[in-house]
Amino acid sequence: QVQLVESGGRLVQAGASLRLSCAAAGRTFSDYAMGWFRQVPGKEREFVAAVDWRGGIKYGDFVKGRFTVSRDNAKSTLYLQMNSLKPEDTAVYYCAVRSSGRIALAAPEYEDWGQGTQVTVSS
């Protein structure tokens, strides 16, 4: 089991930037894939970005070029730098872990989840 604690979400205006953090505690953290998902009420949980066991990165097509995901294995922390935020980015953002170490796009493939952090972008 991996414990995940997210932080950084808040209310911002369109065009602003935010940096989300996910602190993880657990054995073999460096061998896990870690990713970000987001969810709006009434819609499915949506893949945002992830880092695999060897540092490979994948982004959701809608977000590439504005968001940057990074992983600091020494600090057991995952980050999501979000720039040029849009109102449609408003969602609860979740951090998740997949023990296989490989990135998956479907939320059910990840075993452990953080509590989520609310990001609200106003126009």
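Things worth noting here:
- Candidate set: segment 62-80, residues that are open to solvent by less than 40 Å² (accessible area, probe 1.4 Å) and of a type in the set (A, V, I, L, M, F, W, C); chosen: the one farthest from residue 34 (Cα to Cα): 63
- Selection from segment 47-61 of residues that are of a type outside the set (Lys, Arg), in contact (Cβ under 8 Å) with a residue 12 or more places away in the chain and open to solvent by 70 Å² or more (accessible area, probe 1.4 Å): 53, 57
- Filter result (within 10 Å of the chain's Cα centre (by Cα) and either under 17 Å from residue 16 (Cα atoms) or in contact (Cβ under 8 Å) with a residue 24 or more places away in the chain (or both)) within segment 69-91: 69, 78, 79, 80, 81
- Within segment 1-22, the only residue that satisfies the criterion of being open to solvent by 50 Å² or more (accessible area, probe 1.4 Å), of a type in the set (A, V, I, L, M) and under 12 Å from the mean Cα position of the chain (by Cα) is 5.
- Count of segment 32-46 residues which are open to solvent by less than 10 Å² (accessible area, probe 1.4 Å) and more than 10 Å from the chain's Cα centre (by Cα): 1
The values are calculated or read from the model by the stated rules, or taken from the named source; none is laboratory data. All figures in this text were calculated on a predicted structure; none of them were measured in a lab. Please note: Cβ atoms are built from the backbone with ideal geometry, for glycine as well, and neighbour counts cover all protein chains shown. Protein only, heavy atoms only, side chains kept; ligands, DNA and RNA dropped before computing areas. Shrake-Rupley method; radii C 1.70, N 1.55, O 1.52, S 1.80 Å.
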